[in-house]
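Worksheet: one structure, shown below.
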């Protein structure tokens, strides 16, 4: 019997869309997108993350001003009820993905033990 691991991966992708953590994240994202203030905060946060990531990848130093701005935006994210809820939902879904990844990586870990 031949196993097509890609079929299994695609099945996991479909099932992931049905878990409560995913649907909760999707709903929280829609709420943030519908709220002008929360959406603005989230977009600013994403832009700042991308700026810092790009600079780090290029070996450039992140300035003190950029660090301060990132901290301020991060604080806004935690203070806004909708964006804070979105971050909570992201963490919950990330835990599911981390658990799945641990299961998938088990055979490789077994080789090195």
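Computed from the coordinates by the stated procedures, all read-outs in this text should not be read as laboratory data. Remember, predicted model here, so these are calculated numbers, not experimental data. Ideal geometry is used to build each Cβ from the backbone, glycine not excepted, and the neighbour counts take in all protein chains shown.
For this structure, a couple of remarks:
- The C-alpha atoms of the chain define a longest principal axis, and helix 5-16 lies at about 50 degrees to it.
- Counting every other Cβ atom within 10 Å of each residue's Cβ, 112, 53, 29, 6 order from fewest to most as 112, 6, 53, 29.
- The alpha carbons of the range 60-113 occupy a box of 46, 33, 12 Å along the principal axes, longest dimension given first.
- Spin-label model distance (nm) - residue 94 vs residue 67, 7 Å beyond Cα toward Cβ: 2.1 nm
- Max mean-square fluctuation residue, GNM over the chain, Cα-Cα springs under 10 Å, options 46, 56, 95: 56
- Mean projection of the Cα convex hull over all viewing directions, computed for the range 5-112: 9.5 nm².
- With a cut-off of 19 Å on the backbone N, the residues of the range 1-41 near the modelled label site 7 Å out from residue 78 along Cα-Cβ are 38, 41.
- Nearest-ten-degree value, helix 20-34 long axis tilted from longest Cα axis of the chain: 30 degrees
- Of 96, 32, 62, the one that fluctuates the most in a GNM where the chain has Cα springs shorter than 10 Å: 62
- Axis of helix 81-112 versus longest Cα principal axis of the chain: the two differ by about 30°, to the nearest ten degrees.
- Distance from the C-alpha centroid of the range 1-30 to that of the range 81-113: 13 Å, rounded to the whole angstrom.
- Modelled FRET efficiency - R0 35 Å, residue 10 with residue 55, Cβ distances, 0.05 increments: 0.45
- The sum of -39500 (n - 2.57) across all DSSP H runs of n ≥ 4, divided by the residue count of the chain, sets its helix-only mean residue ellipticity at 222 nm to -29500 deg cm²/dmol.
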